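The values are calculated or read from the model by the stated rules, or taken from the named source; none is laboratory data. The structure presented is a predicted model; accordingly, all values stated were derived computationally and were not measured. Cβ coordinates were reconstructed from backbone atoms using ideal geometry, including for glycine residues, and neighbour counts include every protein chain displayed.
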Amino acid sequence: MASRHRDGSAGDANYGAIGANYSSYRQPEPRIASLIVKALGDASKVLNVGAGAGSYEPVDRVVTAVEPSASMRAQRPAHLSRAIDAVAGALPFDDKSFDAAMATFTVHQWPDLAAGLAEMRRVTRGPIIILSCDPDELNRFWLDDYAPEVITVEASRYPRIEAITQALGGKAEVLSVPIPLDCSDGFGEAYYGRPERLLDPGARLANSAWSFVDASVGARFVADLGRDLDSGDWDRKYGHLRTQTEFDGSLKLVIGHA
């Protein structure tokens, strides 16, 4: 098993260092949640792997959550079940224990994607739902103009969608997920029409890619974006995004069938 960070984080990001206020910025977006619930079908027992603070866990099912980071487990709200300290590549469950399984914004953290998805399939009778980003489409976001280093590091971390579908056995459908303008889940592209929000260091820290680039990248980004917002240059180029109700970015929902 790959070594774990001090707080138990098992992936490349150290959530003990960057995840303290994660749940303040990363609240589940209801329109994305509805797609996940639909994909889960009539499953009553659901496994959530890399569950984090509990975003997107359905409240009308029996959910078992797995999360290695103590910092993230501590941020789970009281109405959700306590998460089990375990990792995707070694799930402590019997074969076919769950009707469905899900993993949202997490597979890019896993040291062994194939092993993690194989474990999910082993313990799951029905569909496996993966919410992730297509690394080939990350450059659609205007951030690529201001901090290309962040886009580059994200593209290197996110597995290709084809790799996910193949690891799920090939019987999978891929849905593009539109991102709403007022998206309550503060992943990077959620701010496509609200650039001022990314001047907040907490908003950037809630996106792990920023922890993999030098601090000078963040300082330059804040200076450049702040200048262009003040001068109107950002709005002259991207101002139409402020009223665009949805953004077709890199977000994908992969549904693997048994």
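Across segment 48-65, which residue is surrounded by the most Cβ atoms within 10 Å (Cβ to Cβ) among those that are part of a loop (DSSP other than H, G, I, E, B) and in contact with an Asp or Glu (Cβ under 8 Å, 6 or more places away or on another chain)? Before you say what the answer is, go through the steps one by one.
Restricting attention to segment 48-65, the residues satisfying the condition of being part of a loop (DSSP other than H, G, I, E, B) are 50-61.
Adding the requirement that they be in contact with an Asp or Glu (Cβ under 8 Å, 6 or more places away or on another chain) leaves 50-52, 55.
Details: G50: 25, A51: 28, G52: 26, S55: 23.
Per the criteria, the residue is A51.
Does I164 satisfy the condition of being buried (at least 21 other Cβ atoms within 10 Å of the Cβ) and either in contact with an Asp or Glu (Cβ under 6 Å, 6 or more places away or on another chain) or assigned to a strand (DSSP E or B) (or both)? Quick ask: steps written out before the conclusion?
Details: buried (at least 21 other Cβ atoms within 10 Å of the Cβ): yes; either in contact with an Asp or Glu (Cβ under 6 Å, 6 or more places away or on another chain) or assigned to a strand (DSSP E or B) (or both): no.
No, not satisfied.
Has segment 206-215 got any residue that is within 23 Å of A53 (Cβ to Cβ), in contact with a Pro (Cβ under 8 Å, 6 or more places away or on another chain) and free of Cβ contacts under 8 Å to residues at least 60 places away in the same chain? Quick ask: steps written out before the conclusion?
Taking segment 206-215 first, the residues within 23 Å of A53 (Cβ to Cβ) are 206-212.
Checking which are in contact with a Pro (Cβ under 8 Å, 6 or more places away or on another chain) leaves us with none.
Scanning segment 206-215, I find no residue that is within 23 Å of A53 (Cβ to Cβ), in contact with a Pro (Cβ under 8 Å, 6 or more places away or on another chain) and free of Cβ contacts under 8 Å to residues at least 60 places away in the same chain, so the answer is no.
So, in segment 229-258, of the ones that are touching a residue at least 24 places away in the same chain (Cβ under 8 Å) and acidic (D, E), which residue ends up nearest to T152 (Cα to Cα)?
D248
Those residues that are small (G, A, S), farther than 14 Å from V46 by Cβ and not in a helix (DSSP H, G or I), I need them from segment 103-139; list them, please. Break it down stepwise before answering.
If we filter segment 103-139 for residues that are small (G, A, S), which is where we start, we get 103, 114-116, 118, 126, 132.
From the residues that got through so far, the ones that are farther than 14 Å from V46 by Cβ too are 114-116, 118, 132.
Answer for segment 103-139, where residues must be small (G, A, S), farther than 14 Å from V46 by Cβ and not in a helix (DSSP H, G or I): just S132.
Tally the residues that are modelled with pLDDT of 95 or more and in contact with a helix residue (DSSP H, G or I) (Cβ under 7 Å, 6 or more places away or on another chain), restricting the search to segment 187-201.
Total meeting the criteria: 8.
Take segment 162-171 and flag every residue that is touching a strand residue (DSSP E or B) at 6+ places or on another chain (Cβ under 6 Å) and closer than 24 Å to N139 by Cβ. Break it down into steps so the answer makes sense when it comes.
Our first condition is that a residue be touching a strand residue (DSSP E or B) at 6+ places or on another chain (Cβ under 6 Å); within segment 162-171, this holds for 164-165, 168.
Correct list: I164, T165.
Tell me which residues, restricted to segment 236-258, are part of a strand (DSSP E or B) and either touching a helix residue (DSSP H, G or I) at 6+ places or on another chain (Cβ under 8 Å) or at pLDDT below 95 (or both). Break it down stepwise before answering.
Of all residues in segment 236-258, those part of a strand (DSSP E or B) come to 246-247, 251-256.
Listed by number, the residues that qualify are F247, L251, K252, L253, V254, I255, G256.
Pairs only if they're at least six apart or on different chains, beta carbon under 8 angstrom, first in segment 142-158 and under 14 Å from H108 (Cα atoms) and free of Cβ contacts under 8 Å to residues at least 60 places away in the same chain, second among the polar types (S, T, N, Q) and surrounded by fewer than 18 Cβ atoms within 10 Å (Cβ to Cβ); list them, first residue then second.
I151/N139; A155/N139
Determine which single condition M120 fails, assuming it passes every other condition in (1) crowded, with 17+ Cβ neighbours inside 10 Å; (2) in contact with a helix residue (DSSP H, G or I) (Cβ under 9 Å, 6 or more places away or on another chain).
Exception for M120: condition (2).
Take the conditions under 24 Å from P30 (Cβ atoms) and either hydroxyl-bearing (S, T, Y) or assigned to a loop (DSSP other than H, G, I, E, B) (or both) and apply them to G193. Does it pass? Before the answer, list the steps.
Values: under 24 Å from P30 (Cβ atoms): yes; either hydroxyl-bearing (S, T, Y) or assigned to a loop (DSSP other than H, G, I, E, B) (or both): yes.
Yes, satisfied.
Just checking, does segment 129-151 include any residue being closer than 16 Å to T64 by Cβ and either buried (at least 18 other Cβ atoms within 10 Å of the Cβ) or out of contact with any Gly (no Cβ under 6 Å at 6 or more places or on another chain) (or both)? Lay out the reasoning, then the answer.
Looking only at segment 129-151, we keep the residues that are closer than 16 Å to T64 by Cβ, and these are 129.
Applying the additional criterion that residues be either buried (at least 18 other Cβ atoms within 10 Å of the Cβ) or out of contact with any Gly (no Cβ under 6 Å at 6 or more places or on another chain) (or both) yields 129.
There is at least one residue in segment 129-151 that is closer than 16 Å to T64 by Cβ and either buried (at least 18 other Cβ atoms within 10 Å of the Cβ) or out of contact with any Gly (no Cβ under 6 Å at 6 or more places or on another chain) (or both).
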